[in-house]
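Right, one structure below, let's go through it.
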Amino acid sequence: MRYPTRTEGGIRYLEAGPESPTGVTHLLVHGLGGSLEQWTAVVDELRPTTRVVAIDIPGFGHSRTRRGHFAVPDAVRDISGFLDARGIDRCVVVSHSISCVVAAGLAAARPAGVTKLVLVSGALVRASELAQHPGLALRDPALGLAVAAQFAAGVVPVPRVLLTALAASRLLRTATLWPFVASPSGVPTEHLVEALSGSGSLAVLRILLSAHSIDHHRLLAAVEQPVELVVGDRDRLINPSDVARLRAIMRVTRVSVIPDCGHWPWLEKPAELSALITSPERA
């Protein structure tokens, strides 16, 4: 389903679902080079039972600029202002991939307003180190290739007509989607086209060029709230050592693994991901 979007304080967003009895909103923050459209299938699953808001991070989606401006502190400030303007006093922040640093910054800036983080494919400890020190790719070429594919895919906006052609071709799907999903042929065509229709931003290049100055460890360690991790068992960017190292940095209360899933659970396994986002923590 396609949802109407609005703009508040320069941030494009969609909002769906009923007011939660607890007053908590689920704020969905897309990953590198993405847009709020990435969450469409997840919004479909969540909206019958909870209030959900998906946003374009400033500099991405329909808010991307020709110069590709992006800085984590600026994004945190703008999103925090957006939450104030929309009257969202309490939220669970659900982030994908490298946007975990934006989610962490938001949690640190709003200790009472962010109740929990759900980091989807966000245990990128080795990948963040490689982005800061590209020479590490010589030690782990497979990880280096996966990281390079993520950055490359996020730079250039792809017209909808090309996305439709890609979705219709089994060969093109396999050739382009193998770094991101476990089964390229299994992704529904309509989900693929809709989810990627707003992707691509020069801000990705800015992130790559400034990666050495982003203190990934410090940003994550500043979070005091509970953190849940969701990972695909076939994610090429994350392995058990990443999860273990993130546990040492953050207050991780739950780790959930989605079977037969790669780095993009919002595209490949939206129903399973949505169930994990809203399920209560086990005692």
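Over the chain, dividing the summed -39,500 (n - 2.57) contributions of all DSSP H runs of at least 4 residues by the number of residues returns a 222 nm mean residue ellipticity of -11500 deg cm²/dmol. In the elastic network of the chain, a GNM with C-alpha springs shorter than 10 Å, the most mobile of 217, 133, 26 is 133. The stretch between residue 136 and residue 171 holds 9.5 nm of extra length on full extension. This uses 0.36 nm per residue minus the Cα-Cα distance.
Relative contact order of region 68-139: 30 percent, from C-alpha pairs under 8 Å at least 6 residues apart in sequence. Highest mobility in the GNM of the chain, judged by mean-square fluctuation with C-alpha springs under 10 Å and restricted to 268, 190, 15, is found for 190. Here the spin labels are modelled as points 7 Å beyond Cα on the Cα-Cβ line, and at residue 148 and residue 6 they lie 4.5 nm apart.
Projected onto its three principal axes, the C-alpha set of the chain covers 46, 42, 40 Å, listed from the longest axis down.
Using the Cβ of residue 112 as centre and a radius below 12 Å, the other residues enclosed give a net charge of 0, where K and R count +1 and D and E count -1.
Within 14 Å, Cβ to Cβ, of residue 19, how many net charges do the neighbouring residues add up to if Lys/Arg are +1 and Asp/Glu are -1? Write out the running numbers ahead of the final one.
Working: positive: 47, 51, 86, 90; negative: 15, 89.
Taking every other residue near residue 19 into account, the sum is +2.
Of the peptides 192-201, 150-159, the order by per-residue mean of other Cβ atoms within 10 Å, starting with the highest, comes out as 192-201, 150-159. Residues whose amide H comes within less than 5 Å of that of residue 116, counting only those at least five positions distant or on another chain, are 93 (H built at 1.01 Å from N in the peptide plane).
Averaging 1/r over each pair of different alpha-carbon atoms in region 1-135 and inverting the result gives 15.1 Å, the Kirkwood hydrodynamic radius.
Taken together, the values in this text are just the output of simple stated rules run on the coordinates, not laboratory data. Since the model is a prediction, treat every value here as computed from it, not as a measurement. Note: ideal-geometry Cβ built from the backbone for every residue, glycine included; neighbour counts use all protein chains shown.
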